[in-house]
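Down below is the structure, laid out as structure tokens.
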């Protein structure tokens, strides 16, 4: 009986180790880094561009912070195409699909 229990425990440990997650440091299929030296780019070529509109304030995760007025107004923008009864855009129509891709 003890041998059977030990055998089952050993199978359990071996099966769990085969399902272990892979290390995050290495990615499969990733190309090795190129070692070619590139010529330094000229700084005069890149002129700093000023945004036409002030940048929307965002949270750390990149989503708009809805505490600010400009973000609330942008969130209320209506879709171009038809909508469903509950007010969400109807994704069966081409206009709504294109608007979703732009975001």
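Computed from the coordinates by the stated procedures, all read-outs in this text should not be read as laboratory data. Every value quoted in this text rests on a predicted model; they were computed, and no experiment measured them. Heads up, the Cβs are rebuilt from the backbone with ideal geometry, glycines too, and the neighbour counts pull from every protein chain shown.
See the values below:
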read-out: Cβ-Cβ FRET estimate between residue 59 and residue 19, R0 fixed at 30 Å, reported to 0.05; value: 0.25
read-out: Region 56-103 - convex hull of the alpha-carbon atoms, volume per residue in Å³; value: 93
